[in-house]
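Below is one structure; the comments refer to it alone.
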């Protein structure tokens, strides 16, 4: 794979034990447990980890700050929501953490539905939601790169605003990268104009190829004034010593999901977005697509990155990930459960193959 490819993991950040088949034990979401995962990521070759967000979960930014304080290279991809944060508040918090960590902050902007009323927020329809997201992204980037920013928009405004400490450039990186997801027409317009990295769920290769081509064309149509959009893949990777063992374990996991109606897996099923619906529909084409993209989990409770899995030996999964890389994917956010042991297994067995 390209030396420019980056490999991150996923830290669940969930008060409920057993997230996506993880081992159930006391203090599963304690600082000690999450720090152990972050340190294992450092030790086993991972760049960092996506930390999930949503009302009813621990505050993502607080978790990220705590984990960076106990690590040296771990880069949190901090999922946040416009509305939960106001642009200047978030720009300042992120700039501070970026300063304290020597430039380790990454940001995932989430526009999916949430329990907005619980934190005093409200939104209109899809068009309004994504218009607000677009404004949020543009404004925080200005606050990171300009001084004395004045802006009065439809959703946000600031006057003579200068964020301190200032974001320090690290090579070509002028500020934390803004990752973004979404497959609707409104979401793709936001990605094409404002995102640094567009994240895809685990779709088949043809679907990802089609979306990359569409987003590149859309970037041109919208006169994107930022560096070229980069692309990422968020997917479950079930890796075992042999192909046969991997498929046996994958099928056993899905059988357990079916027995429990997907308990612990269904955190993306409450309100199904366009991209999630695309994933759910894949199993109608077949239980296995491309070489080893397993769609059956989506039938029995898998949601989000748990809807489709790449299954096989480390060589099988590396071969499949290289095909996504050939399409232009350079950011990979992988995971499987139990989280800690899979950080180590895949860091040891899979990552070296991807870096050859």
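The table below lists the values:
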| read-out | value |
| --- | --- |
| Distance (nanometres) between label positions extended 7 Å along Cα→Cβ at residue 242 and residue 353 | 1.5 |
| Inverse mean reciprocal Cα-Cα distance (Kirkwood Rh) of the range 308-356, Å | 11.3 |
| Fraction of antiparallel bridges per DSSP, the range 1-160 only, in percent to nearest 5 | 15 |
| Residue of 223, 22, 287 that the Gaussian network model of the chain assigns the largest fluctuation, springs spanning Cα pairs under 10 Å | 223 |
| Residue among 60, 236, 15 with the largest mean-square fluctuation in a Gaussian network model of the chain, springs linking Cα atoms under 10 Å | 15 |
| Backbone N under 19 Å from the residue 16 label point (7 Å along Cα→Cβ), restricted to the range 322-338 | 336-338 |
| Peptide ranges 45-52, 288-295 listed from the most packed, as the mean C-beta count within 10 angstrom indicates | 45-52, 288-295 |
| Of all DSSP beta bridges in the chain, antiparallel share, percent nearest 5 | 20 |
| Convex hull volume per residue in cubic angstrom - Cα atoms of the range 183-227 | 67 |
| The range 62-114: projected area of the alpha-carbon convex hull, averaged over directions, in nm² | 3.6 |
| Candidates 88, 195, 118: whichever shows maximal mean-square fluctuation once the chain is modelled as a Gaussian network with Cα springs under 10 Å | 118 |
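None of the figures in this text is laboratory data; all of them are computed from the coordinates on show. These figures come from a predicted structure and were not determined experimentally. Neighbour counts are summed over all protein chains in view; Cβ atoms, including those assigned to glycine, are modelled from backbone coordinates with ideal geometry.
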